[in-house]
Every structure is written in C-alpha cells, then in structure tokens.
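The values are calculated or read from the model by the stated rules, or taken from the named source; none is laboratory data. For clarity, every value in this text was computed on a predicted model and none was experimentally measured. All Cβ positions, glycine included, derive from the backbone under ideal geometry; neighbour counts span all protein chains shown.
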Amino acid sequence: MFRDAGLVAGKDLRIELRSHVTMQQVFPFAVLVLILFGIALDPDRGFLGRASAGLFWVTVLFCALLAIQRAFTIESADGGRDALRLSGLDPAGIFLGKAAAIAVQLLAIEAVLAVGVVVMYGTEVTGVPLLVATIAAATAGLAAAGTLYGVLAAGLRVRETLLPILLLPVLSPVLIGATEAFEAALGGAATDGWPWLGLLVVFALLYLAFGTLAFGTLLEES
Amino acid sequence: MEPAVQLRGAVTLLGRFPALAGIDLDVAAGEIVLLRGPNGAGKTTLLRLCAGLLPLARGEGRVLGHDLSDRRQARALRTRVGLLGHATGLYDELTVADNVRFWGRAAGADAADVAAALAGCGLDGRLRDVPVAALSAGQRRRTSLACLVARRPELWLLDEPHAGLDHDGRELLDDLVQRAVDAGATVLLASHDLERAEALAHRVVTLAGGTTGAEPPPGRGRVGPEEVALVP
C-alpha cells in the first residue's frame, strides 16, 4: 500500500512540476484572493490583522478545491480512470498517494499565503508550534476529505460544479477548527487553540481511515 | 488445460443497461482469437468484460481461472491482463519513459522490464524523453503498447490495436503479439483491419448483435459461418 502511495504521489507531483499549474495558476489565484479580501473588507490593517486567520483558511479552501479538481482531471483524461482500475495498484495506496500529493501542494500554497498575510495584513505570528501543528492537521484533513469526494465527483459529468457543493460543507469543521486555532496562536494565547487542534486531528484521522477503506469502492462505482 | 477465457451466456451491464446477448466463448491458453463484427456488435464491451472492468450480470465467466461473477476475483484478474483500448491512459505531461515506468512499476515491473518494453516498442531513442503531449497518435499508441508490454500480462486484450499505427508500427505490434504468445500469453483482439488481423489470428469469432452464437470450445473444428479456423 505505501509503495503504491509513493508511486502515485510521485507521479502526481511530477505532473504538477511539469505542467506548472500550481505554480502559475493556483499561487497567483491565492495571492489575488488575499488582495481582494484586503480591498473589499477594509484598508485598515488593524481589522485585516484580526480577520487574517479566517481569511487565510477561506483562501486555502478555495485553493484546495482547485488542487483537488486538478488531481482528478488528470485521471479523467484519455481513459486514465480505467487504466488506474487495471493498474494493479492498491486502491488504498492510490488514495494515500493522491492525498499526499494534494497535501504537498497545499503546504506550498499555505507557505505563500502565510507570507502574504504577514506582509499584506500586518499579522504578527506568535504561537509558532500551534500554527505549525494546525497547518499540518488541517492540511491532512483537507487532502483526505478532498481526495475522497474528488473521486466521488470525478465520475460525474457535472464534477466541476458538484465538487464544491459536496465538499465545502464537509470541510466546514476544518475551516472552523483551523481558524479558531490560528486565532489563538496569533493572539498569543496558544493554550486555547489546542482543543481545536484536537478536532482537526480527529477529522484528519477519520477521513484518512475512511478513505483508505472506501476509495476502492468509490473508484469502481462512481 | 483450463481455457484462458470461458464464457457461457455472458451478459454484462453498461450503466444500468444489459449488454452482450448471452455470449458463449472459449479461448485456449496461447491462442490468438480475432473478434470481428460491425460497430456496436459488442467487441469492446466483451474485451472490457474479460478485463474485469465490467460486471458479469448473467451467465458464467472465467478468465485465467478467475470467476467474473465474484467481484474480488474480477479485480484480482486485472493485474494479469493488459488492455490496449481506444483510450491510451497516458499522462500528457509526463515523458514516454515516465509513463511506461509508472504503469509498469504499478504492475510490479522492474527497471529491466521497463527498459525492455521501451526498446521493444522502438521508444528507447529520442522519443524516450519526449512528453506524451508532443507525440503523434501513432507514437501515443506505441507508448500505450509499451506500457502494456512492461506489465507482462498473461492475457492481451487488444481493441483495434493497429489503428493509428504506421506500417512499421503494425509490423512491430504483430511481432510483439507473436512473441508474447510464444512466451505463453493469450491474445483476444478486436479489429476492423481484417486482412492484417486474420493473418495474425489462430481463430476468428464473429460477433453479431452482441452474441457469438453457439460457439464450441476451440479445437473442435469449424462450426459454420460464426467461426473460421485459420490455423489448424
């Protein structure tokens, strides 16, 4: 399973490195959203600084949708889905590999966004351990749930529009938990954020476990 | 020896709709069988059923000893077959070598298998490091064929394998098929290029209206217009 996961993750990341979609489209999109939030809400940096946790994670959610769509678009082209089913790869390995590749892309996007938030919104970073742990857990949850719903929607003709409708409500616990934990970390009271981090860890573990078990069936039936 | 493919009254489903009108088919191990028939006769559907990609809705079916009515067995079968279909399953952004390496390693092939597949399909030169997006249709077909060869399947399921290939490509394909059969593989192919495919095949089975009619096991001789024995 882990060998197959490594194979799939390596393949997906190589495709992204060659296609430059994340670099040339998703990164600029993420920065653009940050700028638009800044323009739309308030040029006063004090307000933006206070709202930066929520704005950061809403932007991450939008970028996650793009990354998940992309991860399954490459499998939809030219019979890739049947080829995957015939490949002999363990479905759990495919799930973990695709989730890992999405997570790596999200981490890169989050790094860019973090710099953007600090520079544009004047946010001060204080509780670094909680921030790092929150990013890790939230990213794992986003990638796992996204991969699961991604394969569910991938077999449908209306996948581009259906995926956000299916996925955004499911990801609301991640948005809430990550925003609360970030606010606690940015506010300096890092201890208040740890219970929210627990929620994120549970969410990620649940979806990783469920995805490992259910991905094969979804790949076959959807 | 157990036939490589044995279908009795096989019906599958395309979505919710039944397909194939109760196919009877036997393919012996090491045999090359050509499926022919008009568009819509069910050739591609039959190949996908034999690959374990479509469910067996009615009848009986065993491929390489796997019971097609058992989903687990049908899935396990997939690692032992290679399907060359209309779609190539290739990733445009990756090079020819990357694609063959990925699909080969997915099936357990090592670096030597991948190198041999690339060389065997004439892709070990300049084309090796070319992104698939930059290939012609024929070169894509060759790359797809190399992916299949790297997997070293026991049952080759070839759907219009000569389509898009130039003369050299067709010669190469026929040679690869012959060598695979010499090494013990079985081949079921569907083609409209009858002259070339009949030269390659041991037997021809005609599909009409999703059925082969009452086709007896191979080796029992000619049974009428449904079947022509090309090789004794």
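Structural remarks
- Within the stretch B:144-169, being in contact (Cβ under 8 Å) with a residue 12 or more places away in the chain and either part of a loop (DSSP other than H, G, I, E, B) or more than 15 Å from the chain's Cα centre (by Cα) (or both) holds for B:Arg152, B:Pro153, B:Glu154, B:Glu160, B:Pro161, B:His162, B:Ala163, B:Gly164, B:Leu165, B:Asp166, B:Asp168, B:Gly169.
- Residue that is modelled with the highest pLDDT [pool: residues in the stretch A:137-158 that are in a helix (DSSP H, G or I) and touching a Ser or Thr at 6+ places or on another chain (Cβ under 8 Å)]: A:Val151
- Residues located in the stretch A:1-29, provided they are modelled with pLDDT of 90 or more and small (Gly, Ala, Ser): A:Ala5, A:Gly6, A:Ala9, A:Gly10
- The single residue among A:Leu200, A:Leu213 that is part of a helix (DSSP H, G or I) and within 19 Å of A:Ala67 (Cβ to Cβ) turns out to be A:Leu200.
- When each of B:Gly213, B:Gly224 is tested for being assigned to a loop (DSSP other than H, G, I, E, B) and either surrounded by 13 or more Cβ atoms within 10 Å (Cβ to Cβ) or modelled with pLDDT of 85 or more (or both), the lone residue that passes is B:Gly213.
- Number of residues in the stretch B:74-100 that are free of Cβ contacts under 8 Å to residues at least 40 places away in the same chain and within 9 Å of chain A (Cβ to nearest Cβ) equals 7.
- Cβ-Cβ under 7 Å pairs, at least 6 apart or on other chains, the stretch A:69-85 side within 15 Å of A:Leu162 (Cα to Cα), far side of a type outside the set (D, E, K, R): A:Gln69/A:Leu163; A:Arg70/A:Val21; A:Phe72/A:Gly150; A:Phe72/A:Val151; A:Phe72/A:Ala154
- Looking only at the stretch B:34-64, and only at residues there that are within 17 Å of the chain's Cα centre (by Cα) and in a loop (DSSP other than H, G, I, E, B), the one that is modelled with the lowest pLDDT: B:Ala41
- The stretch A:71-85 - residue that is at pLDDT 85 or above and within 7 Å of chain B (Cβ to nearest Cβ) and, of those, surrounded by the most Cβ atoms within 10 Å (Cβ to Cβ): A:Ala83
- Residues that are touching a residue at least 24 places away in the same chain (Cβ under 8 Å), within 10 Å of chain A (Cβ to nearest Cβ) and crowded, with 18+ Cβ neighbours inside 10 Å occur in the stretch B:39-49; there is at least one.
- Filter result (small (Gly, Ala, Ser) and not in a helix (DSSP H, G or I)) within the stretch A:67-99: A:Ser87, A:Gly88
- B:Leu64 vs. criteria crowded, with 19+ Cβ neighbours inside 10 Å and closer than 22 Å to B:Pro18 by Cβ: no
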